[in-house]
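**Q** Here's a structure for you.
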Protein chains: 2
Amino acid sequence: MTIASKQYEALTEEKAIALAQSLYPFPEGAELVCREIGDGNLNYVFQIKDPKSGKGLIIKQALPYAKVVGESWPLTLKRATIEANALQKHSEFAPGLVPAVYAMDEELAITVMEDLSHLTIAREGLIQGAAYPKLSEDIGEYLGRTLFHTSDFALHPFEKKRLAVEYSNPELCKITEDLIFTDPFFNNDTNDYEPELQATVEAIWNNGPLKLEAAKLKFSFLTEAEALLHGDLHTGSIFASESETKVIDPEFAFYGPIGFDVGLFLANLIVQSITRSGEERQVIVNHIERTWEVFSTRFSELWDREGIEAYKDTADYKEFILEKIFRDTLGFAGCELIRRTIGLAHVKDLDSIEDKNLRIRLKKKALQTGQTLILKRSELTTISAVSGLLEELKQ
Amino acid sequence: MTIASKQYEALTEEKAIALAQSLYPFPEGAELVCREIGDGNLNYVFQIKDPKSGKGLIIKQALPYAKVVGESWPLTLKRATIEANALQKHSEFAPGLVPAVYAMDEELAITVMEDLSHLTIAREGLIQGAAYPKLSEDIGEYLGRTLFHTSDFALHPFEKKRLAVEYSNPELCKITEDLIFTDPFFNNDTNDYEPELQATVEAIWNNGPLKLEAAKLKFSFLTEAEALLHGDLHTGSIFASESETKVIDPEFAFYGPIGFDVGLFLANLIVQSITRSGEERQVIVNHIERTWEVFSTRFSELWDREGIEAYKDTADYKEFILEKIFRDTLGFAGCELIRRTIGLAHVKDLDSIEDKNLRIRLKKKALQTGQTLILKRSELTTISAVSGLLEELKQ
């Protein structure tokens, strides 16, 4: 459903309530309450609720700029359309694992969608020590289904290329190209790290073989249009509870290398594994293994059952593709680990550690893990080899 | 320049003359002569000339269907726009190596361009034994310049992605996906070969490792948006003389793997080398070597001088990219050799050989060369290793 278009203007709480009433069958006489719950850097997020019935919805509006650490730069509103469309496209293949979209409006750059406030952002919950027993199962499913079904292995080439054009997303991709693949590997102003990491960071900037591999991974990201990615699948883009998982915020969606989505998610789990110990750590390592197992099993089953590629039964072809995805996954995970530690956008998992010595030690571990994943991604051929590496680096 | 649009209708010779007069400053009183010189399968090609002054031009009009061996299927007229735009885009970077475009019209699906009838289609000339001393130098330049300048190594990512959308070309790509990468490797109705090749062809269909490599090359073609390719750079898409070379017909242009353009051209030279012997053969082998040398030298110089990639000076990165292009080049060349021998669209170089035994022997050689290039593309790391292979297979 598309609502009547107007010229872009930032919503107020009053306007958001009026819009919500026109779009959703709230009970008669409902007295709606509206809260702006976004972080205000990229989007407004209005939660509109009828406290009596408990019914509610979310109106998310893209802002025409991005604010990060005080700086502000213009950013396309088209991302709201991409996000709404990607949510709907992905829900075709992974129903129940993304929020329902009720309406969208290109001009206003808004998406009206399911209120998920009964869930917690996975990153927040994980930092509090949550186990989220369904997390890896659900994300593995989400990845396997959305990435297989939007690839050349499942789609007629006309439809795949139509989608690749629809989801062309240069401005958001450039953020990734710069902040994940470039800036952290060079002495760039956008980097941000404690003075105690200076020597470690300089060693990265001066590590020729590492930079060569980062360059190759960036080239993959720039050129390989394999599937419709979420594009920013960290644990802050996931709502979770003990029994539910929902993937949100695909405004970075575009046609890119499959391993990028898998790698980003795994990297954010790896950060958690680095901050935990004992039984709690093992929960996360199990999630890491299970994510890959579920993803690769689902991808493989869909390939067998629904694949349309003429070569799908050619001996070793499916294995070749899965090996490529795995290698890419580790490389992209490595880049994410590094940028989340020394780049512009950090993760709370590490930054919120108050004990400075511990924080620096764990950040060094994250950097070391990232570098090893990038450099050894062709040797680490199984997910248990990755757990083995994490175990080794634990010491 | 864009001429006034009308609804699509096929041009007649009279209408073509009227159009030419409205577009080009022919001398006063010129009595224009028009000939339709296309092969009638995909396009009309009207040559309009003033015999007195010798001045003339070409009006090429796309037909809304393709005819191949009696069959006819609808085919997008958008290809005329893609062709006209690609000619102009490529001429920005390789001036003098493509025909000048005087005008285009999207509705009529026509391109008005320089008359090159003083030149010969390179394939025809080569079959007659021409040496075309400038051919490899010019095509190497064309490839190096057009492919570098439209890649992520030269363009701002916004511009590269804008061009990738503009040149999205699903219908024409599908012809390549089917006829080059799929059908020849399976028992498909579109294949076409002499009964004497039956056993050789079946060996291809049953060669698992070969099909695995063909599948990988098809995947590259489907997913790797590296540069704005010509997309169909065989020797029939090149006009040549002793002193001039012009690349025509880029209606298959799209963002794809760089090695595809290089590989198609080399494959068509390799076919020539297979049909020749002695000194005449050496001329072609020299062209093969020279094409790669000029391409890689130009690409490398442009990288150093004009590259914008942050990693451009990272040790071994340029070499990695050139090695990838070379490996892809050989693989794509191998696919082209096979499909030009047993697929739907043959080459006159082989089909016109009247001595049947010789023709079958040379076709088997082409198939063997194609398979070896595909299977050994990671081992053949230099162009002289390729010449060595051709020398070996000569026997």
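**Q** Computed on protein heavy atoms with a 1.4 Å probe, what is the summed buried accessible area for the chain pair A and B, in Å² to the nearest 100?
**A** Values: alone 16860 and 16840 Å², together 30270 Å².
Chains A and B together bury roughly 3400 Å² of accessible area.
**Q** Another question about this same structure. Please give the solvent-accessible surface of B:His234 in Å², to the nearest 10, using a probe radius of 1.4 Å with every protein chain present.
**A** That residue has around 30 Å² of solvent-accessible surface.
**Q** What number, rounded to the nearest 500 deg cm²/dmol, is the helix-based mean residue ellipticity at 222 nm of chain A, given -39500 (n - 2.57) per DSSP H run of at least four residues and division by all its residues?
**A** On the way: 14 runs with 201 residues, N = 395.
Helices in chain A give a 222 nm mean residue ellipticity of -16500 deg cm²/dmol.
**Q** Past 28 Å, Cα to Cα, is the threshold; run B:Lys67/B:Lys218; A:Lys312/B:Lys89; A:Lys348/B:Lys318; B:Lys89/B:Lys216; A:Lys89/B:Lys160; A:Lys174/A:Lys211 against it and keep the listed order. Don't skip to the answer; put the middle values down first.
**A** Values: B:Lys67/B:Lys218 24 Å; A:Lys312/B:Lys89 37 Å; A:Lys348/B:Lys318 37 Å; B:Lys89/B:Lys216 30 Å; A:Lys89/B:Lys160 25 Å; A:Lys174/A:Lys211 19 Å.
Checking Cα-Cα distances, A:Lys312/B:Lys89; A:Lys348/B:Lys318; B:Lys89/B:Lys216 exceed 28 Å.
**Q** Also, quick follow-up: For label points placed 7 Å from Cα toward Cβ, what is the shortest-first list of nm distances from A:Gly278 to its copies?
**A** Those label-point separations list as 8.9 nm.
**Q** Just to confirm the numbers: B:Asn357, label point 7 angstrom along the Cα-Cβ line, distances to the other copies in nm, shortest first?
**A** 8.9
**Q** Within 10 Å of each Cβ in peptide B:213-222, how many partner chain Cβ atoms are there on average? Round it to a whole number, please. Write out the running numbers ahead of the final one.
**A** Working: counts 3, 4, 10, 6, 0, 4, 11, 2, 1, 9.
Average per residue, whole number: 5.
**Q** Rounded, prolate or oblate: which one fits the range A:177-307, using the alpha carbon gyration tensor with axes a ≥ b ≥ c (rounded when a/c is under 1.5, else prolate when a/b beats b/c, else oblate)? Walk me through the numbers on the way to the answer.
**A** Working: a/c = 1.96, a/b = 1.30, b/c = 1.50.
Oblate.
**Q** Still on this model: Between A:Thr81, A:Thr176, A:Thr12, find the one with the highest GNM mean-square fluctuation for chain A; connect C-alpha pairs within less than 10 Å.
**A** A:Thr12
**Q** Moving to a separate point now. Helices from chain A with mean Kyte-Doolittle at least 0.5 and a Cα length along the axis of 30 Å or more, per DSSP H: which?
**A** Values: long enough: A:278-306 (41 Å, -0.93); A:317-342 (38 Å, 0.13).
Helix filter hits for chain A: none.
**Q** Compute the Cα gyration tensor for the range B:61-138, then decide on rounded, prolate or oblate, letting a ≥ b ≥ c be the square roots of its eigenvalues: rounded whenever a/c is under 1.5, prolate when a/b is larger than b/c in the other cases, and oblate in all that remain. Walk me through the intermediate numbers first.
**A** Values: a/c = 2.53, a/b = 1.30, b/c = 1.94.
Oblate, since a/c reaches 1.5 and b/c is not below a/b.
**Q** Counting Lys +1, Arg +1, Asp -1, Glu -1, what net charge surrounds B:Phe26 among other residues with beta carbon under 9 Å of its beta carbon?
**A** Values: positive: B:Lys55; negative: B:Glu28, B:Asp50.
Local charge sum for B:Phe26: -1.
**Q** From Cα pairs below 8 angstrom and at least 6 apart in sequence, can you work out the relative contact order of the range B:120-393, rounded to a whole percent? Mind showing how you got there, number by number?
**A** On the way: 408 pairs, mean separation 75.8, N = 274.
The normalised contact order for the range B:120-393 reaches 28 percent.
**Q** Further question: What's the local net charge at A:Thr381, with K and R +1, D and E -1, over the other residues with C-beta under 12 Å away? Write out the running numbers ahead of the final one.
**A** On the way: positive: A:Lys324, A:Arg327, A:Lys376, A:Arg377; negative: A:Glu319, A:Glu323, A:Glu379.
In short, +1.
**Q** Using a Förster radius of 41 Å, what is the FRET efficiency between A:Ser352 and B:Phe158 based on their Cβ-Cβ separation? Nearest 0.05, please.
**A** With R0 = 41 Å, the Cβ-Cβ based efficiency is 0.70.
**Q** Once a ≥ b ≥ c are taken as the square roots of the eigenvalues of the Cα gyration tensor of the range A:13-114, is the result rounded (a/c under 1.5), prolate (a/b larger than b/c) or oblate (a/b not larger than b/c)?
**A** Values: a/c = 2.11, a/b = 1.30, b/c = 1.62.
Taking the square roots of the gyration eigenvalues as a ≥ b ≥ c, the range A:13-114 is oblate.
**Q** A:Glu137 label points, 7 Å along Cα→Cβ, one per copy: pairwise distances from this copy to the rest in nm, shortest first?
**A** 7.0
**Q** What full-extension length gain, to one decimal in nm, is calculated for B:Arg361 and B:Glu92 as 0.36 nm per residue of separation minus the Cα-Cα distance?
**A** Working: separation 269, 0.36 × 269 = 96.84 nm, distance 4.34 nm.
Between B:Arg361 and B:Glu92, full extension yields 92.5 nm more.
**Q** Pop the C-beta distance of A:Val33 and A:Glu306 into the FRET formula with R0 = 41 Å and round what comes out to the nearest 0.05.
**A** With a Förster radius of 41 Å, E is 0.35.
**Q** Which of B:Ile82, B:Ile37, B:Ile238 moves most in a GNM of chain B, Cα contacts under 10 Å?
**A** Largest GNM mean-square fluctuation: B:Ile37.
**Q** Ok, one more. Using a 1.4 Å probe, how large is the accessible area of B:Val33, given in Å² and rounded to the nearest 10?
**A** Approximately 70 Å² for this residue.
**Q** Per residue of B:226-233, how many C-beta atoms from partner chains lie within 10 Å of its own C-beta, taken as a mean?
**A** Values: counts 4, 1, 0, 0, 0, 0, 0, 0.
Mean partner shielding for this stretch: 1.
**Q** Related question: How would B:Glu293, B:Glu280, B:Glu224 line up by accessible area, probe 1.4 Å, largest first?
**A** Working: B:Glu293 70, B:Glu280 95, B:Glu224 20 Å².
Listed by decreasing accessible area, they come as B:Glu280, B:Glu293, B:Glu224.
The values are calculated or read from the model by the stated rules, or taken from the named source; none is laboratory data. The model shown is predicted, which means the values in this text are computed figures rather than measured ones. Every residue, glycine among them, receives a Cβ derived from its backbone with ideal geometry; neighbour counts consider all protein chains shown. Quick note on the areas: whole protein, heavy atoms, side chains included, nothing else; ligands and nucleic acids left out. Shrake-Rupley method; radii C 1.70, N 1.55, O 1.52, S 1.80 Å.
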